[in-house]
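Notes to accompany the following structure.
The values are calculated or read from the model by the stated rules, or taken from the named source; none is laboratory data. Not measured: the values here are computed from a predicted model. Each accessible area value is taken on the protein alone, full model and side chains, heavy atoms only, with ligands, DNA and RNA left out. Shrake-Rupley method; radii C 1.70, N 1.55, O 1.52, S 1.80 Å.
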Amino acid sequence: MATPPKKRAIAVSLALVSIVLPVAGLHKFYLGQSWWGLCYLLLSWTPIPHVASAVEGIWYLAQDGNEFDQNFNAALEAAETSNADGVDPEKVTVIADALRSLDTLRQDGLISEGEFEEKRRSLLNRIS
């Protein structure tokens, strides 16, 4: 199940709310930084995580949407750019190049039509 993209407004709100709440670090849990969230929670009795949350809230607010997405939604963008079938585009490119080379060998008469077909099927089966 894919996780939804993190929203900058929610991250800012959670960070700034940590200034007045007795616990801090909720924005870290929201952004998927559980270890930092735990550290903030454990140090909530000191002013350190509250000040850090305020600074981070302002930092998130100062970022534009693209910069926030690049920092906190990069994994989602990478998943979206890959093929829905889970096929690696780089792997397809390598196999396509191998098929072109194989076809050149067939056209030059260095391999038979049967050998070409066997190797072609073998290469195409590697894609999935």
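A few notes on this one:
- Whole-percent carbon and sulfur share, accessible surface of the chain, 1.4 Å: 62 percent
- Backbone HN-Hα couplings from phi across region 115-122 [Karplus 6.51/-1.76/1.60, Hz, Gly and Pro as x]: 5, 4, 4, 4, 5, 4, 5, 4
- Based on protein heavy atoms only, the chain ends up with 69 Å² per residue of surface accessible to a 1.4 Å probe.
- Along each principal axis, taking the top coordinate minus the bottom one, the Cα set of the chain gives 78, 27, 21 Å in descending order.
- Largest to smallest accessible area among Lys28, Lys91, Lys6 [probe 1.4 Å]: Lys91, Lys6, Lys28
- Proximal aspartates and glutamates to Lys91, defined as alpha-carbon separation beneath 18 angstrom and excluding residues fewer than eight positions away on the same chain: Glu80
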